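The values are calculated or read from the model by the stated rules, or taken from the named source; none is laboratory data. Remember, it's a predicted structure, so these values are computed and weren't measured experimentally. Positions of Cβ are backbone-derived with ideal geometry, glycine not excepted, and every protein chain shown enters the neighbour counts. Please note that ligands, DNA and RNA were not included when accessible areas were found on the heavy atoms of the full protein model with its side chains. Shrake-Rupley method; radii C 1.70, N 1.55, O 1.52, S 1.80 Å.
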Amino acid sequence: MPGIRGPSDYSREPPRHPCLKINAKEPFNAEPTRSALISSYVTPVDFFYKRNHGPIPVVDDTERYSVSLTGLIKNSKDLFMKDICKLPKYTVTATLQCAGNRRTAMSKSRTVKGVGWDIAALGNAVWGGAKLADVLELVGIPYLTSITQSGGKHVEFVSIDKCKEENGGPYKASIPLSQATNPEADVLLAYEMNGEPLNRDHGYPLRVVVPGVIGARSVKWLDSINIIAEECQGFFMQKDYKMFPPTVNWDNINWSTRRPQMDFPVQSAICSLEDVSVVKHGKIAIKGYAVSGGGRGIERVDVSIDGGKTWEEATRYQRTGVPYIADDSSSDRWAWVIFEAEANIPQSAEIVAKAVDISANVQPESIDSVWNLRGILNTSWHRVQVRVGQANL
């Protein structure tokens, strides 16, 4: 593709905030501290988790950069940035979450394979760009199309990014055409993040944002869009990011028996406290995030200071001072909520949080019930241990 530098240029790493916890250097994967993550409703770009499967591409000539639209359509087309920027611009506030968020805790139950993420492999941003539904109209695919005349049922996104899992080929993923052509699904070809052009870590100059779906489908550094009959056959669609039961191991796994994971389940975590914290006597603040996939709002967040025997409902909000009503037009349907509670704790306590979404989906109590060999979708109750005492003890 014009404007793309060779692999030798990939070694030039972008600048990054020192608060990031680096989970892997090559490829670069990092998350912010817990407190930084919930410092604001919209996650600053510096504090947004970085998830990569290969070296970070360098696109240095955006005038020559283009995205090809090909496949089961009448006429293929090359789209340049100027073409995409001429389309109506939309901003969508959406939380992206790595499917491996909270993997480290799952690995303490039984060993799993994957990058060791704490609870901050997610972030909430305001994405700006063109709706994919509008882009597809440019090649003759109307809104709300489930199948093209040539038999296309899926939209595949291919990245400039090259990764070892694809034997040096590009990272790729797909979503159903019915989702891609639905303007209410808010799938974007995004060129802005929090009002600024994307930076290299987050897909400059153009990426896909698929709200409500695991981050693996929001392909960065977009190279091409292909209309295909079957879902993408790439590694990360067919041999990764699938949810298996606890009985499946690396000896008996059959990848074809499970569909690629799309929506993420209801999730919450406490960010104001570490796994083990020493606090002063008196009230303590319990603050964190809750989010659910598929555009399902958060109906409730429950907090316990006795390991889950008794519960109190936390307050929840998106923007400070604005009442949050799940599934209301005044709320951001694709975004997390921040929850807060206060509690007087005894000498020691296990503090627990669990969220319930508008479909009454609730986080499972135990990690063991959702354990899987790839360590994805750990949505079990989040637990932290607290004791009253001197911080230096």
Self-check item: Coarse-grained scattering of region 156-269 at q = 0.12 Å⁻¹, given as base-10 log I(q)/I(0) from a Debye sum over alpha-carbon atoms
Solution: -0.48
Quiz item: With all pairs of different alpha carbon atoms counted, what Kirkwood hydrodynamic radius in Å does region 1-133 show?
Solution: 17.5
Quiz item: Using the Cα gyration tensor of region 100-209, with a ≥ b ≥ c the square roots of its eigenvalues, what is the shape: rounded (a/c below 1.5), prolate (a/b larger than b/c) or oblate (neither)?
Solution: prolate
Quiz item: Considering the alpha-carbon set of region 240-320 alone, what are its Rg and its Dmax in angstrom?
Solution: 17.9, 54
Practice problem: Send over the semi-axes of region 255-393's equivalent ellipsoid, whole angstrom and largest first, taken as the square roots of 5 times the C-alpha gyration tensor eigenvalues. | Solution: 28, 21, 11
Quiz prompt | Space enclosed by the convex hull of the alpha-carbon atoms of region 67-141, per residue, Å³ | solution = 137
Practice problem: Quickly rank 123-135, 270-282, 150-162 as a protection proxy: mean count of other C-beta atoms within 10 Å, highest first. | Solution: 123-135, 150-162, 270-282
Quiz item: Under a plain spin-label model, where a point goes 7 Å from the Cα along Cα-to-Cβ, how far apart in nm are Glu192 and Trp255?
Solution: 3.9
Quiz prompt | Residue list for region 209-228, given a label point 7 angstrom along the Cα-to-Cβ vector of Cys85 and an amide N cut-off under 20 Å | solution = 209, 221-224
Quiz prompt | Per-q log10 I(q)/I(0), the chain, q = 0.07, 0.10 Å⁻¹ (Debye; single scatterer per alpha-carbon; no solvent) | solution = -0.32, -0.66
Exercise. Could you work out how far apart the two model spin labels at Ser146 and Glu230 are, taking each label as a point 7 Å from the Cα in the direction of the beta carbon, and quote it in nm?
Key: 2.1
Practice problem: Evaluate the distance, in nm, between pseudo-label points positioned 7 Å from the Cα of Ala285 and of Thr62 along their respective Cα→Cβ axes. | Solution: 3.6
Quiz item: Antiparallel DSSP bridges in the chain: what percent, to the nearest 5?
Solution: 90
Exercise. Using only protein heavy atoms and a 1.4 Å probe, report how much of Trp311 is accessible, in Å² to the nearest 10.
Key: 70
